[in-house]
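> The structure that follows is given in the form of structure tokens.
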Amino acid sequence: MTIEQQTMIDEVVEELRPTVTRIEARLATTRDHYGDYMGILGRYPREQRSTIAALLIKAGANQAGVRWAMRLA
């Protein structure tokens, strides 16, 4: 991975971090917040969802919640 690619990834993670922080701070209405993460993943084409999921996890998202969202999205 080039420095430019890593920089782009880091920038996207930093953009996602406030959203992830808000989600994780709320009372979970679905197990591990998978419903919230499904809402985010559902905005993207299926081919991009695994990348977005990895970025969400890197931003601090509950890993189990993101994995469930991936299964159900």
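> Can you name the residue in region 57-73 that is under 19 Å from residue 25 (Cα atoms) and touching a Leu at 6+ places or on another chain (Cβ under 6 Å) and is also surrounded by the fewest Cβ atoms within 10 Å (Cβ to Cβ) among such residues?
Checking each candidate, the answer is 59.
> For residues that are touching a residue at least 24 places away in the same chain (Cβ under 8 Å) and not in a helix (DSSP H, G or I), tally how many sit in region 33-48.
Residues that pass the stated criteria total 1.
> For region 1-29, enumerate the residues that are among the polar types (S, T, N, Q) and farther than 14 Å from residue 63 by Cα. If you could, list the steps in order and put the result at the bottom.
So in region 1-29, the residues among the polar types (S, T, N, Q) come out as 2, 5-7, 19, 21, 29.
Matches in region 1-29: 2, 5, 6, 7, 19, 29.
> Would you check if residue 54 is in contact with a Leu (Cβ under 7 Å, 6 or more places away or on another chain) and either in a helix (DSSP H, G or I) or at positive phi (or both)? Break it down into steps so the answer makes sense when it comes.
Working: in contact with a Leu (Cβ under 7 Å, 6 or more places away or on another chain): no; either in a helix (DSSP H, G or I) or at positive phi (or both): yes.
No; evaluated as a whole, the condition is false for this residue.
> Ok, one more. State whether the residues of region 20-42 include one that is within 10 Å of the chain's Cα centre (by Cα), modelled with pLDDT of 95 or more and polar (S, T, N, Q).
no
> In region 1-39, how many are within 11 Å of residue 65 (Cβ to Cβ) and not aromatic (Phe, Trp, Tyr)?
Number of matching residues: 11.
The values are calculated or read from the model by the stated rules, or taken from the named source; none is laboratory data. Values in this document were obtained by computation on a predicted structure and should not be read as measured data. Positions of Cβ are generated from backbone atoms using ideal geometry, with glycine treated the same way; all protein chains shown enter the neighbour counts.
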